[in-house]
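The values are calculated or read from the model by the stated rules, or taken from the named source; none is laboratory data. As the structure is a computational prediction, the values presented were derived from the model and not from experiment. Here the Cβ is made from the backbone with ideal geometry for all residues, glycine too, and neighbour counts use every protein chain on show. Please note that ligands, DNA and RNA were not included when accessible areas were found on the heavy atoms of the full protein model with its side chains. Shrake-Rupley method; radii C 1.70, N 1.55, O 1.52, S 1.80 Å.
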Number of protein chains: 2
Amino acid sequence: MTTHYKTHQALSASTLIDTPVKNRKGEDLGKIEELMIDLSNGRISYAVLSFGGFLGIGDKFFAIPWEALSVDTVDEKVILDVDQQKLENAPGFDKDNWPQTADTTWLVDVYKYYGYDPYWS
Amino acid sequence: MTTHYKTHQALSASTLIDTPVKNRKGEDLGKIEELMIDLSNGRISYAVLSFGGFLGIGDKFFAIPWEALSVDTVDEKVILDVDQQKLENAPGFDKDNWPQTADTTWLVDVYKYYGYDPYWS
């Protein structure tokens, strides 16, 4: 391993959207519904995870920091290493009422919930 | 203006895709065909610009660094401040033959063409 060589594997946003999301135990956590792009710097502000309605959550959507996700390009799935139970209490929003993206307080809470510092801090 | 307050306005990848691209003179430069996501860090590796076939370019696609783009959310367009002529010689690829995304040499040339340093350097 050298540190200066980086492959920078890239995938299109369209390919990532609708990809199934699982945890490391193989439990279904839903799918990538959307990628929100921070216009000021071209970073993913957060990914939007949608559930298939289990856990009684119904149509709630969840904001997930990109760092919490890893993409398995071989099996074409995204790994989010949390239990289904953790998602029950996770910061989410109604699919018909997306957050105001300028609300950084809300997004800070999202990052903290998954154990990450906001990328702009 | 304070430096610590940032709005971090975000737009969904799906909204950005298909948005028309113009230069500051208002000339049509095509549309956002795709956003390529660097899986290692959740940054936009490059945006893919497609033309409507003018300039004799046909189905060529162009890779554009995100920094070269600015999003006008009011008029729902993306600004790329280059002349149509500059695009004639810009690094591009055939729509049926996308670049190997691990080829950072190619991507360095893309960034240099528009006057930017690669985001990973």
Residue count, the stretch B:41-61 (criterion: open to solvent by less than 30 Å² (accessible area, probe 1.4 Å) and either within 11 Å of chain A (Cβ to nearest Cβ) or at pLDDT 95 or above (or both)): 7
Filter the stretch A:64-121 down to the residues that are under 17 Å from residue B:43 (Cβ atoms) and either away from chain B (no Cβ under 14 Å) or of a type in the set (D, E, K, R) (or both), then identify the one that is surrounded by the most Cβ atoms within 10 Å (Cβ to Cβ). A:67
Can you name the residue in the stretch A:5-40 that is at the interface with chain B (Cβ under 10 Å from one of its Cβ atoms) and assigned to a loop (DSSP other than H, G, I, E, B) and, of all such residues, is modelled with the lowest pLDDT? A:5
Say we look at the stretch B:78-121 and pick out the residues that are in a helix (DSSP H, G or I) and modelled with pLDDT under 85; which of these is nearest to residue B:30 (Cα to Cα)? B:88
